[in-house]
Amino acid sequence: MTGWLTAAGCDAAHTLDLPDGNRTTDEQVNDLADREQRAVITKDADFVDAHVLRGRPAKLLLISTGNISNRDLEVLVLVVPLIQDIVREFGSHSFLELGPAGLIVRG
């Protein structure tokens, strides 16, 4: 999933690239994201709760497209050129949501 981000010039890492892979805890992901000034991209509502309640991670993109494959998600982002919008919106906002209707600024 990080392929479309890196292709667009973003510095991206997948949890599989981390030392503990998918066993990396949410707290460790938040620590890494905040330390390296990265946004967390997730389908997991636990990250939303942490962002709203504790401001961690500092930047969050929630994927709320329903049950969609990573391949279909990549098509959605690439066909509708949202990556530039996402990068731009993260310049002044901390919480974005990508859903069936497109990109929504949440906070």
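Quick notes
- Residue among LEU98, LEU73, LEU61 that is surrounded by 15 or more Cβ atoms within 10 Å (Cβ to Cβ), in contact with a strand residue (DSSP E or B) (Cβ under 8 Å, 6 or more places away or on another chain) and at pLDDT below 85: LEU73
- Of all residues in region 16-42, those being charged (D, E, K, R), under 19 Å from LEU98 (Cβ atoms) and at pLDDT 95 or above number 0.
- Criterion applied to GLY55, GLY66 was being at pLDDT 95 or above and on the phi > 0 side of the Ramachandran plot, and the one residue passing it is GLY55.
- Scanning region 6-28 for residues that are more than 24 Å from ARG88 (Cα to Cα), under 16 Å from the mean Cα position of the chain (by Cα), of a type in the set (D, E, K, R) and surrounded by fewer than 13 Cβ atoms within 10 Å (Cβ to Cβ) yields ASP17, GLU27.
- Cβ pairs under 7 Å, 6+ apart, first in region 79-96 and over 18 Å from THR6 (Cβ atoms), second β-branched (Val, Ile, Thr) and modelled with pLDDT under 90: LEU96/ILE86
- Residue in region 59-77 that is small (Gly, Ala, Ser) and either touching a Cys at 6+ places or on another chain (Cβ under 9 Å) or under 21 Å from GLY107 (Cβ atoms) (or both) present: yes
The values are calculated or read from the model by the stated rules, or taken from the named source; none is laboratory data. Source: prediction; values computed, not measured. Methodologically, a virtual Cβ is constructed for each residue, glycine included, from the backbone with ideal geometry; neighbour enumeration extends over all protein chains shown.
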